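Notes follow the structure.
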Amino acid sequence: MSPLRVIQWGTGNVGQHALRGIIRRPDLELVGVHAHSPAKIGRDAAELCGLSEPTGVVATDDIDALLALDADCVSYTVQGESRIDDTMDELCMILAAGKNIVSTALVFLINPAFLDDATRGRLAAACEKGGTTLLTSGIDPGWSGDVVPLLVAQMCERVDSIRVSELMNYGEYADPAFTGEVFGFGLPLDHPAALFEPGAVTFGWGGIVQLLADALGWTLDEIREEHERLPAPETFHTAMGRVEQGTTAAVRFDVTGIVGGRPAITAAHVNRLRDDIGPDWPILAGGRSGYRVEVTGHPSFTLELEPRLDDGGSHAVAGLIGSAMRILNAIPAVCAAPPGLVTPLDLPFFTVGGA
Ligand SMILES: NC(=O)c1ccc[n+]([C@@H]2O[C@H](COP(=O)([O-])OP(=O)(O)OC[C@H]3O[C@@H](n4cnc5c(N)ncnc54)[C@H](OP(=O)(O)O)[C@@H]3O)[C@@H](O)[C@H]2O)c1
């Protein structure tokens, strides 16, 4: 089978790993790269993701030229949440132009069933026009909260509740401009960080709760949210920048679906800039960073997943690579799917390809 032709759109934290993955894989062929910053435009794709052998594909910000390419799929990893309207416009334009999309951007798109009618309708119309399919995913929200808890639940006679948690130290996550700002790291505890606007965590993570409820055949009464921040005990430095004593150094939130009057499905985050902050908050066994999936019922199961790089790289980078590969590995299934908005549960089982 000839390789699927892919455009990589965005070469940031996630995109550089997606780009490297596309170049290296025999079942995918890189045909275009979109970059935004002038410093990247005109440079070979290999250079933008740390590979030495030029690909002959250079980065461009010429959207018309990219849409005119003969491509099966766009791997879209542009910063979405800080430019929601523009991102929606781009996604619709690409889909309507006949190119399937696998995307990490706009995490609230992970579950189309959780979207408002206008957003879902607009994207669905673009898919219909182009005969194309959109999958939005990543590691969390995404992979840790869709197939993983459901695979665990395959071993239960009865499930009473599910809790999916990201328990990650963000101290090595070099994303101060976006994640740092949105979570309020290094800012006063009462800073109006975007994540703590009423409804914001539900907007981002409620899709997981709805997806699991639908998969289990449960009806949600409502979704509740709660969050908390903790201060730095003293001033210290992280990849997020300098954190002054007393400013935000740890953040936790729960987004909980209520079923039959009781908490039944929770998507949670605990993100610290140092492992010793918030000693009473959950952390993986051995004080490590990663994901915990707790399925309570008969019997109950707890699963812990640690993203790691065997070359000594940080778990944060392992998580970014995981997000990129979650969408790249879905490309063949997405290209073969009927037009529309899909989640991984709508696709045949997919896993690493071309290896
Ligand atoms: N669900 C998950 O697990 C998960 C995990 C990680 C990320 N995400 C999501 O994936 C997306 C990408 O994340 P990231 O950390 O890779 O983002 P990022 O590095 O902050 O940004 C990605 C790229 O967006 C481009 N960009 C920034 N402003 C732009 C603009 N005004 N117009 C066009 N392009 C622009 C930049 O291109 P240039 O470099 O060319 O300037 C940048 O490289 C985000 O929406 C994020 O929320 C999801």
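Each reported figure results from applying straightforward, stated rules to the coordinates on display, with no laboratory input. This structure is a prediction, so every number in the text was calculated from the model and none was measured. Neighbour counts run over all protein chains shown; Cβ positions are idealised from the backbone, glycine included.
Laid out as a table, the results:
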{"item": "Of all DSSP beta bridges in the chain, antiparallel share, percent nearest 5", "result": "55"}
{"item": "Size descriptor, Kirkwood hydrodynamic radius, that averages inverse alpha-carbon separations across the stretch 143-306, Å", "result": "16.4"}
{"item": "Rg and Dmax of the chain, Cα atoms only, in Å", "result": "20.1, 59"}
{"item": "Segments 259-265, 310-316 sorted - mean Cβ within 10 Å per residue, highest first", "result": "259-265, 310-316"}
{"item": "FRET efficiency for Ala177 and Leu151, using Cβ-Cβ distance with R0 set to 35 Å, rounded to 0.05", "result": "0.50"}
{"item": "Net charge of neighbours whose Cβ lies under 12 Å from the Cβ of Ala18, counting Lys and Arg as +1 and Asp and Glu as -1", "result": "+4"}
{"item": "Helix axis angle, 315-328 relative to the chain longest principal axis, alpha carbon, degrees", "result": "50"}
{"item": "Dipole of the chain [Lys/Arg +1, Asp/Glu -1 at C-beta], most positive-end residue of Ala153, Leu67, Leu109", "result": "Ala153"}
{"item": "14 Å beta-carbon shell around Thr343, net charge (K/R +1, D/E -1)", "result": "-1"}
{"item": "Dipole in debye (nearest 20) - the chain, about Cα centre, beta carbon charges: Lys, Arg +1; Asp, Glu -1", "result": "500"}
